[in-house]
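Read the structure below first, then the notes.
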Amino acid sequence: MDTATAAARPGYQKYAVDVHPSAIDGQGAFAAEAIPTRRKIGEIRGESISVAEARIRATRTERIMIVELSAKKAIDFSKSADPMRYTNHSCHPNARLCIRQGRVEFYALRDIAPGEEITVDYGETHHEGKLRCQCGAPGCRGAL
Ligand SMILES: [Zn+2]
């Protein structure tokens, strides 16, 4: 293991993940080591805000990084340094998002090989189906 990388990584980031340009959209989160199925990959931690504030911010920013935790609470990841915040959507993902106690956690849905892009199904988004999906997966819904 690269000790410099391990030292720079917070304890909740269980596996090494690199951020680099993605064929899906912008930057992506890529496995830097093998991740076995069902294991926790990492988390994103950010600024706790209200859903009302999240909706306002979503209208102002082109690239939104907000997850709604409940009807009232949301987290804005725009200022987060966690690599998992770059996780792109896929209609046929290899990971899933799990919201637990105010944290957004990522778990592998299958074995993920080093160099593979980590993707999750975003489900409903602020884009309300207006953003074209570019995941390229078989059975792609075509919109977010
Ligand atoms: Zn898709």
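The values are calculated or read from the model by the stated rules, or taken from the named source; none is laboratory data. Just so you know, these numbers come straight off a predicted model, no measurement behind them. In this analysis, Cβ positions are derived from the backbone assuming ideal geometry, glycine residues included, and neighbour counts consider all displayed protein chains. These accessible areas exclude ligands, DNA and RNA; they are computed on the full protein's heavy atoms, side chains included. Shrake-Rupley method; radii C 1.70, N 1.55, O 1.52, S 1.80 Å.
Overall, the accessible surface of region 53-127 at a probe of 1.4 angstrom is composed of carbon and sulfur to the extent of 48 percent.
In order along region 23-39, phi translates into HN-Hα couplings of 6, 7, 6, x, 8, x, 9, 10, 4, 9, 8, 5, 10, x, 4, 6, 7 Hz, rounded to whole numbers, per the Karplus curve 6.51 cos²θ - 1.76 cosθ + 1.60 with θ = phi - 60° and x for Gly and Pro.
Could you list the GluC sites (Glu not before Pro) in region 34-76 that lie in coil according to DSSP, counting only those with at most 11 other Cβ atoms within 10 Å of their Cβ? Here the sparse-neighbourhood loop sites are GLU62.
Taken about its Cα centre, the chain carries a charge dipole of about 440 debye when Lys and Arg each add +1 at the Cβ and Asp and Glu each add -1 at the Cβ.
Given a 1.4 Å probe and the protein chains as shown, SER48 ends up with an accessible area of around 90 Å². Averaged over its residues, the chain has an accessible area of 58 Å² per residue, based on protein heavy atoms and a 1.4 Å probe. Rounded if a/c is under 1.5, else prolate if a/b beats b/c, else oblate: with a ≥ b ≥ c from the C-alpha gyration tensor eigenvalues square-rooted, which is the chain? Oblate is the answer for the chain, as a/c is 1.5 or above yet b/c matches or exceeds a/b. Residues whose amide H lies under 5 Å from that of ASN88, counting only those 5 or more places away or on a different chain, are ALA29, VAL120; hydrogens are built 1.01 Å from N in the peptide plane. Ranking LYS40, LYS14 from most to least accessible surface, computed with a 1.4 Å probe over the protein chains only, gives LYS14, LYS40.
Across region 78-85, computed HN-Hα scalar couplings (Karplus, 6.51 cos²θ - 1.76 cosθ + 1.60, θ = phi - 60°) run 4, 9, 6, 9, 6, x, 5, 5 Hz from first to last residue, x flagging Gly and Pro.
Applying the Karplus relation 6.51 cos²θ - 1.76 cosθ + 1.60 with θ = phi - 60° to region 131-137 yields 3J(HN,Hα) values of 9, 6, 7, 10, 5, x, 6 Hz, where x marks Gly and Pro.
Under 17 Å from a point placed 7 Å out from the Cα of ASP18 along the Cα-to-Cβ direction: which residues of region 94-113 have their backbone N that close? From region 94-113, the list is 112-113.
Compared with the alpha-carbon gap, the fully stretched path from GLU53 to THR37 is longer by 2.2 nm at 0.36 nm per residue.
Amide H contacts of ARG39 (H built 1.01 Å from N, in plane; Pro and chain starts excluded): ALA108 sit under 5 Å, all sequence-distant by 5 or more or on other chains. When the Cα gyration tensor is reduced to axis lengths a ≥ b ≥ c, the ratio a/c is 1.5 or higher for region 57-117, and with a/b above b/c it is classed as prolate.
Ordered from largest to smallest accessible area (heavy atoms of protein chains, 1.4 Å probe), the residues MET65, MET84 come out as MET65, MET84.
Skipping prolines and chain starts, which residues have an amide H placed within reach, meaning under 5 Å, of the one on LYS73, given they are 5 or more residues away or on another chain? For LYS73, whose amide H was placed from the backbone, the distant partners under 5 Å are VAL51.
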